[in-house]
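Scroll down for the structure; my scribbles are underneath it.
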Amino acid sequence: MGSTYWWMLLGMAIATYVPRMIPLTILDGKELPPIVSGVLRNIPFAVLGALIFPAIIHIQDDILFGILGAVIAFALAFIGLDVMFVVIGTIAALAVYSLF
Amino acid sequence: MNTTFSQGLKAGSSIAIGYFPVALTFGLLAKTTGLSIIEATAMSLFVYAGAAQYMALSLLATGVAPWLIVTNTFIVNIRHFLMTAALSEKVEPAPRWKKAIYAFGITDETFSVLATQKNRQITTAFAFGVALIAYSSWVIFTAVGHVIGANLPQFLQQAMSVALYAMFIGLLVPSMKGNRKVVLLAAIAAAIHCALYYTHLLSTGWSILVATLMSAIFVEILYVKSTKNVERFTEQKEVN
């Protein structure tokens, strides 16, 4: 691919690193207005909602596959299993499903 | 309490499992796109962003200009501004250069694991552990995917495509239990993201950012207002 590829890679690396690094190092221990820090504390749970849906529904062409995966994962997590077992259990259940 | 480096490695191990099929497929696709093993592995090593890397491959294959690929990468990763800003509220004080190093390891997945820790503060050692195991899996399995060039058995490949989402659910649900605010935050963000996705209003990079921010702000205003109402109510009672 030649040197163009490596320049592109450098650009991609910077474009990825900057959004990761700037807030973490600049906001470093600064006191933010309560409403702002309240919103920031909400971010993790909102992000998770947005990351899960609708993507999980479309992991395979068969929509039922993703919906089944979501239901199983929610069930396993709800009964209190550790994250690792939620992941392994859901994969195992879907593997069985796609075999039949 | 999760505070040490090795506890970080352990907490990050479900990410490593989740990355395995995604990185393997990336290595394989990179090979079919015409990248050498060095070029493919270097992308995982220096860029380290799943969605952006996949997008770069498909754009390279269609001959899109490199600067457009870089712009795309930035847009896809803009959401990390929000995540690392949120994380800055939770991490223990540390020299800037240390934060600058583990900041490189912040992905959707490592952020989710770090931000859902019950600890009041995330230690630097723990953050390094989570970041390192996830990063290693991503880089190593990119190279492996390029070398072996073969897929996993079809049924396993399909089943493993759920791994990262199952992990997100496994991280979210314990916080949802008995906490209506968390349920509301996740549900509203999911609903907004679905609406944006199915109407094709925004590209994925923007839509996750917008859905997250709208939900976080809306719920915060809702809760601030309701506490104010409660305060006003109790004040009135006291006056009476």
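Any read-out appearing in this document is the output of simple, stated calculations on the displayed coordinates, not a laboratory observation. Since the model is a prediction, treat every value here as computed from it, not as a measurement. Cβ coordinates were reconstructed from backbone atoms using ideal geometry, including for glycine residues, and neighbour counts include every protein chain displayed.
A few comments on the model shown:
- Extending 7 Å from the Cα toward the beta-carbon at both B:ILE78 and B:THR33 defines two label points whose distance is 2.2 nm.
- Note on A:LYS30 and B:SER203: their simple-model spin labels are 2.8 nm apart, each label 7 Å out from Cα toward Cβ.
- Cα Rg, Dmax, the protein assembly as shown, angstrom units: 20.5, 80
- A Förster distance of 35 Å, applied to the separation of the beta-carbon atoms of B:GLN121 and B:SER226, puts the FRET efficiency at 0.80.
- Shape class for the stretch A:33-99, computed from the alpha carbon gyration tensor (a ≥ b ≥ c): oblate, with a/c not under 1.5 and a/b at or below b/c.
- Highest GNM mean-square fluctuation among B:THR33, B:THR199, B:THR73, for chain B modelled with Cα contacts below 10 Å: B:THR199.
- Kirkwood's formula applied to the C-alpha pairs of chain B gives a hydrodynamic radius of 19.8 angstrom.
- Among the trypsin sites (Lys or Arg not before Pro) found in the stretch A:1-66, those both in a DSSP coil and sparsely packed, with 13 or fewer other Cβ atoms within 10 Å of their Cβ, are A:LYS30.
- Rel. contact order, % - alpha carbon contacts under 8 angstrom, at least six apart, chain B: 33 percent
- Cα centroid of the stretch A:7-33 to Cα centroid of the stretch B:96-127, whole Å: 14 Å
- Estimated dipole of the stretch B:177-232 in Debye, rounded to 20 [Cβ of Lys and Arg +1, of Asp and Glu -1, Cα centre]: 260 debye
- Straight-distance candidates among the lysines for linking to B:LYS177, with alpha-carbon spacing under 17 Å and chain neighbours fewer than 8 residues away dropped: B:LYS118.
- Based on Cα contacts under 8 Å between residues 6+ apart, chain A shows a relative contact order of 13 percent.
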